[in-house]
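Before any comments, here is the structure.
The values are calculated or read from the model by the stated rules, or taken from the named source; none is laboratory data. Owing to the predicted nature of the structure, the values given are computational and were not obtained by experimental measurement. Quick reminder, even Gly has a Cβ in these numbers, built from the backbone with ideal geometry, and neighbours come from all protein chains shown.
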Amino acid sequence: MTNAEAYKWLYVHFAPCGDETQQDSAVTKALEALKKQIPQKAMKSIDAYNKNLYKLYCPTCGALVAYGNSRVGFMNKVSNGYDRCAACGQVIDWEDEG
Ligand SMILES: [Zn+2]
C-alpha cells in the first residue's frame, strides 16, 4: 500500500469530523503526517522583471524550497539537496522542475 493509498483509506474510514474526541485528534495528526510523505508539486512564482528567474514554494506551508534560472537550467534547493521542505518536512515532487 502506498502512502497515498493509506491516506485515502484512513480518510474514507476515519474522516475527521472536528468533534474534538481523542480519535478525531489522532486521525487528524496521522493524516497530516502521512500527507507530508506524499510528494506534492511546489508552487512556482516567476519574477515580474526577469521571466527566467523563478522561486518554488512549499504547497503545505508556503516556505521557499528552491530558486533558479530557467534560461541557464540552474536550480538551487534551499533544503541542501534533501527532497523535503526544510520548514515542515513536506516531500516535494521535483519532476519537471529545474
Ligand atoms: Zn513546508
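Points worth noting:
- Hey, V12 over 13 Å from the mean Cα position of the chain (by Cα), aliphatic (A, V, I, L, M) and within 16 Å of the ligand (Cβ to nearest atom) or not: no
- Failed item in (1) surrounded by 11 or more Cβ atoms within 10 Å (Cβ to Cβ); (2) within 16 Å of the ligand (Cβ to nearest atom); (3) at pLDDT below 90, with N80 passing the rest: (1)
- Residue in segment 20-33 that is under 18 Å from the mean Cα position of the chain (by Cα), farther than 22 Å from D83 by Cβ and hydroxyl-bearing (S, T, Y) present: yes
- Qualifying positions in segment 40-58 - out of contact with any Pro (no Cβ under 7 Å at 6 or more places or on another chain) and surrounded by 16 or more Cβ atoms within 10 Å (Cβ to Cβ): L53, Y54, K55, L56, Y57, C58
Yes/no matrix, rows are residues, columns are (1) farther than 30 Å from W9 by Cβ; (2) in contact (Cβ under 8 Å) with a residue 40 or more places away in the chain:
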position	(1), (2)
K36	no, yes
S45	yes, no
N52	yes, no
P59	no, no
A63	no, no
S70	yes, no
F74	yes, no
V78	yes, no
A87	no, no
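- Top-ranked residue in segment 63-93 [being touching a strand residue (DSSP E or B) at 6+ places or on another chain (Cβ under 8 Å) and in a loop (DSSP other than H, G, I, E, B); ranked as farthest from P39 (Cα to Cα)]: S70
- Residues of segment 83-98 satisfying the condition of being among the acidic types (D, E) and surrounded by fewer than 17 Cβ atoms within 10 Å (Cβ to Cβ): D83, D93, E95, D96
- Just one of the listed residues (E20, E32) is modelled with pLDDT under 95 and outside any loop (DSSP other than H, G, I, E, B), and it is E32.
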